[in-house]
Amino acid sequence: MMDKENIRDFNNKSSLDMVSEAHRKLVNLFPEIESDGKIDLQKLKLLFSDDELESTERFGLNWAGKGEAIKTAQSRTSSTLRPIMGDSVDWAETQNLYIEGDNLEILKVIQRSYADSIKLIYLDPPYNTGKDFVYRDNTTQATDDYLEESGQKGEFAYSTNVETNGRFHSTWLSMMYPRLKLVRSLLQDDGVLFVSIDDTEVDNLRKIMDEIFGESNFIAQIIVDGTPKNDPLIVATSHEYILVYTKNIAEAKLTQWGAPNPLTDELNELVSGAESYAEAEGRLKKYFKDNNLQKDNISNYKYVDEKGIFRTGPLDDPQSRGPKDERINIKTGNPLKVPSRGWSSNVQTWNEWVDSGLIYFPDDDDKLPGKKTYLTSDKLEVGRSVIKMQTRKTTNYLKKMFDDQEVFSFPKPLDLIQGIIENANDKNMIVLDAFSGSGTTFDAVMRQNIKDGGNRRVILLQLPEDLDKTLVDASGKAKKVIQNAINFLDGQHKPHLLTEIAKERLRRTKTSLALEYPMIEIDAGFRNFKLDSTNFVSWDNNMAKGQSYLTFNATNIKAERTDYDVLFEIMVKKGLDLSATVSVKEFGESAKVFDVFEGTLFVITGENVSRDAVDFIIESRKRYEQDGFLVTSNVVLIDNAFDNVEEKLNAIDRLKAVGYAAEEIESI
């Protein structure tokens, strides 16, 4: 019999328990509400005002199936992510991820690893056209069943969402709600979410995002004006929307957003050789006219002085409560005209601005002064709420990339996504795209890294849609594009899946950028993973009733699963980054010790583990401690790796002797 006091069973067998996590956070804020390990709702209510409690009517959006959608978001999964090294690019070095599978399950699986860690998330979900869409959620559905439905096993299956269903909006909303809940928990406190959508669901989507994120965290409803749709009725619709929310508006306000105007350097160069300020301003005026920029915001930068190009802004108080004292025009020596709403600053601040040359004084005393803002390389401009965008540019770009063949239907404009990324003003952030489609977000992140020397990372999620099934339901040009993609995949001897053509786009992006920018090196690789059921028999949702444990000699690892499969399941369920560095030391014919992120985690797998394997962990830990790398270290032992219980217990005793605490050693 194994000594349970010496061995800690692996604790994180399934994804993060969102309910328990919410419980923990509430108790941390209000410890008095916990009683016998449960939330006392009456005590919680007492913490809030009577006015908030009395009203039973609430504004919000309800639909058939909303309760199940909420449960779906809270339910846990034992699924895992299996590494596909052969389809990856620069596996050992890259920090980018491409994960195949239903994004609902994947978002649950990666919660421990990426909660509160992602700065920018972009979603381009399937629009609700009244036709079928691929995502079908079932809280009790095992991953093996999902694999069959998604085309990785057996016949591909779709959910039904036709208008005659009676659940035209409900089905789509039930698909979106849990995914939005899960992506919110991945965002940093100042993180921001962008969601593309059309007229059909924009109102409903905004209501559920108000509910999930809070109305106060709404930022904007961007209009993207592009190519008009075919067969217009009365009005030719040419726009879509992007809804923008932040996780915490207070934190977002502390973050600097925006990007330098792309014309900044060109305009400053334009005026640099002028012999007078008047000549420089004349050059600017001509440039704006010649380039049809007279109505663009950049044309406000029409003045020049010894410090450079500047625009002027109002100095009156927007709240109409500013002081109305007399202030002197230093050009004329006379009192300035006082704004009807009062000055926006007190006298002390005003004098500081005057001394710094930041006040634009008029030649005419009847005109108001202005506050100067200079056009410099560090001057950032935030994105606009109306964007004109030509989608054909990206279509032609991808057509050239794939040997003059269109293989993607309606790819998102590359410039649009790159602009969103640049506006976040964070060169080291993680970007997540949970409906990554053709892979435009990967391309956009790589190009922005080249542009500003950034080190952004990207995580792409995508369902492996069966193109053969999609082809049957398609018509017109879309059908031709899908057939092109199938023909291309046949030439590559690849399955007819959207993920296969998307991964090829990622590979070709790396090649294309290397040719386009030969002197610039960036991380344009990716680690490929696929969603699958857990590697461990004892953790599987489909275990036979009564099979709650295995004997030591029983095989706990499923057939055809590799040591690397086991390693990455342990990593993701312990909350480690899937791009963490991994080294492996082999002992004998099959025993291995994996070293993850310089000793943060050691995993012993294989068979016939010898004393040398434990010696390796002990020596590695000592070396990392001496080098100052080690903050924390854990060891996970796989039962199958040891010949008997005694050898395993001996290994644990030796690890404890060099400083490992009991809770730092786990067993599967």
Percentage relative contact order, the chain, counting C-alpha pairs under 8 Å, at least six apart: 19 percent
query: By how many degrees, 0 to 90 and rounded to 10, does the Cα axis of helix 168-186 deviate from the longest principal axis of the chain?
result: 90 degrees
- line: Per-residue ellipticity at 222 nm attributable to helices in the chain (runs of n ≥ 4 DSSP H, -39500 (n - 2.57) apiece, nearest 500 deg cm²/dmol) works out to -10500 deg cm²/dmol
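Can you give the % of DSSP beta bridges in the chain that are antiparallel, to the nearest 5?
On the way: 48 of 80 bridges.
Approximately 60 percent, going by the DSSP bridge assignments.
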- prompt: Measuring from label point to label point, each 7 Å out along Cα→Cβ, what is the LYS207 to ASP653 span in nm?
  reply: 6.7 nm
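Given R₀ = 51 Å, FRET efficiency for ASP627-LYS388 by Cβ-Cβ distance, to 0.05?
Values: r = 54 Å, r/R0 = 1.06.
Working from the Cβ atoms, E equals 0.40.
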message: Please enumerate, by chain and number, the aspartates and glutamates with C-alpha under 19 Å from the C-alpha of LYS558, excluding those fewer than 8 residues away in the same chain.
response: ASP9, ASP144, ASP145, GLU148, ASP532, ASP540, GLU569, GLU607, ASP639, ASP643
- prompt: Dipole magnitude of region 323-447 about its Cα centre, charges +1 at Lys/Arg Cβ and -1 at Asp/Glu Cβ only, in debye to the nearest 20?
  reply: 260 debye
- line: Each label sits 7 Å from Cα toward the beta-carbon; between LYS38 and ARG611 the label points are separated, in nm, by 5.4 nm
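As an exercise, use a Förster radius of 30 Å and the Cβ-Cβ distance of ALA580 and ASN487 to find the FRET efficiency, rounded to the nearest 0.05.
Details: r = 39 Å, r/R0 = 1.29.
Rounded to the nearest 0.05, the efficiency is 0.20.
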query: Taking the Cα atoms only, what angle lies between the long axis of helix 476-492 and the longest principal axis of the chain, rounded to 10 degrees?
result: 50 degrees
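What is the gain in length, in nm to one decimal, between ASP316 and TRP353 on full extension, counting 0.36 nm per residue of separation less the C-alpha to C-alpha distance? Show your work: numbers first, answer last.
Working: separation 37, 0.36 × 37 = 13.32 nm, distance 1.45 nm.
Difference between extended and current length: 11.9 nm.
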task: Please give the solvent-accessible surface of TRP257 in Å², to the nearest 10, using a probe radius of 1.4 Å with every protein chain present.
output: 60 Å²
task: Please work out which option in (1) 1.14; (2) 1.03; (3) 0.93 gives Rg/Rh (Cα atoms, Kirkwood Rh) calculated from these coordinates, and answer with its label.
output: (2)
- prompt: Nearest 10 degrees, 0 to 90: what angle lies between the long axis of helix 414-423 and the longest principal axis of the chain (Cα atoms)?
  reply: 80 degrees
query: Any idea of the accessible area per residue across the chain, 1.4 Å probe, to the nearest Å²?
result: 50 Å²
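Taking 0.36 nm per intervening residue step and subtracting the Cα-Cα distance, what contour gain separates SER14 from LYS367 on full extension?
Length gained between SER14 and LYS367: 120.2 nm.
Based on the Cβ-Cβ distance of THR511 and ARG112, what FRET efficiency does E = 1/(1 + (r/R0)^6) give at R0 = 35 Å, to the nearest 0.05?
Values: r = 34 Å, r/R0 = 0.98.
It comes out at approximately 0.55.
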message: Run the paramagnetic zone check for LYS331: 7 angstrom along Cα to Cβ, then residues of region 367-385 with backbone nitrogen under 13 Å.
response: 367-372
message: In whole percent, and with a 1.4 Å probe on the protein chains, what portion of the accessible area of the chain is carbon and sulfur?
response: 48 percent
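Report the gain in length on full extension from LYS286 to PHE410: 0.36 nm times residue separation, minus Cα-Cα distance, nm rounded to one decimal. The partial results should precede the final answer.
Numbers: separation 124, 0.36 × 124 = 44.64 nm, distance 3.82 nm.
Once the chain is fully extended between LYS286 and PHE410, it gains 40.8 nm.
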query: What is the sum of charges around ALA641, taking Lys and Arg as +1, Asp and Glu as -1, for the other residues whose C-beta is under 11 Å from the C-beta of ALA641?
result: -3
- prompt: Put GLU500, GLU211, GLU381, GLU93 in order of accessible area, largest first, 1.4 Å probe: what do you get?
  reply: GLU93, GLU211, GLU381, GLU500
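Take the residue pairs LYS285/LYS324; LYS494/LYS574; LYS399/LYS477; LYS622/LYS648 and return only those whose Cα atoms are more than 24 Å apart.
Details: LYS285/LYS324 35 Å; LYS494/LYS574 33 Å; LYS399/LYS477 14 Å; LYS622/LYS648 21 Å.
Over 24 Å Cα-Cα: LYS285/LYS324; LYS494/LYS574.
The values are calculated or read from the model by the stated rules, or taken from the named source; none is laboratory data. Quick caveat: nothing in here was measured; it's all calculated off a predicted structure. Glycine also receives a Cβ, built like all others from the backbone with ideal geometry; neighbour counts cover every protein chain displayed. Protein only, heavy atoms only, side chains kept; ligands, DNA and RNA dropped before computing areas. Shrake-Rupley method; radii C 1.70, N 1.55, O 1.52, S 1.80 Å.
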